[in-house]
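This report concerns only the one structure given below.
The values are calculated or read from the model by the stated rules, or taken from the named source; none is laboratory data. Source: prediction; values computed, not measured. All Cβ positions, even for glycine, are placed from backbone atoms using ideal geometry, and neighbour counts span all protein chains on display.
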């Protein structure tokens, strides 16, 4: 009864444009889920500490008596990157810690935050002396002997750094402090044996200074980590992760 004269048209470009619009939206959503990060200083504080301890974990993972002295180009570049991270991140962490308003976090205190920042700087200085960042051929046999004695300590240290790279860190039931204390005791016994050998060896002044600095690094990392574990329990990290307006 009616005369329909309009012709139905189909344009494939409309479908393509619609698909591209949705693909573009999903790409933007995907990027915004990872790239933009919170500018809150406490969030930046935790994020930078996670990066620092991941670098420490990598450096300690290569800290072995059975390691190969010949590293590939990419391994050398990766080691250099993580050494750079451990050198520079403590200063960035200190800047962020000074911007944290402790009054907004009843479960934290400015003193504990400052103590944690200082301990990160101590760990950074000690980690620079680990084998791999420096070499002294005159003390290599002593270092290898000490590494064999301290393998359990190294593994415990690596697990502790891995735990600390996750914020908030695992609670005390993980036993990292207890295990580290026990392994440090075994390491001390190995240090005493190696020191007796070092006294009988003819070492020049540079090798002797490096070796004793290395012994101090072993002890310093253990002591700083134990103190760090003691202080992080005094801060309410979940409170830091809550949204604030």
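Some notes on this structure:
- Test: residue in the range 65-74 that is under 20 Å from residue 116 (Cα atoms) and at pLDDT 85 or above: no
- Among residues of the range 228-245 being assigned to a helix (DSSP H, G or I) and touching a helix residue (DSSP H, G or I) at 6+ places or on another chain (Cβ under 6 Å), the one that is nearest to residue 107 (Cα to Cα) is 240.
- If you check 221, 143 for being in a helix (DSSP H, G or I), modelled with pLDDT under 75 and in contact with a helix residue (DSSP H, G or I) (Cβ under 8 Å, 6 or more places away or on another chain), only one passes: 143.
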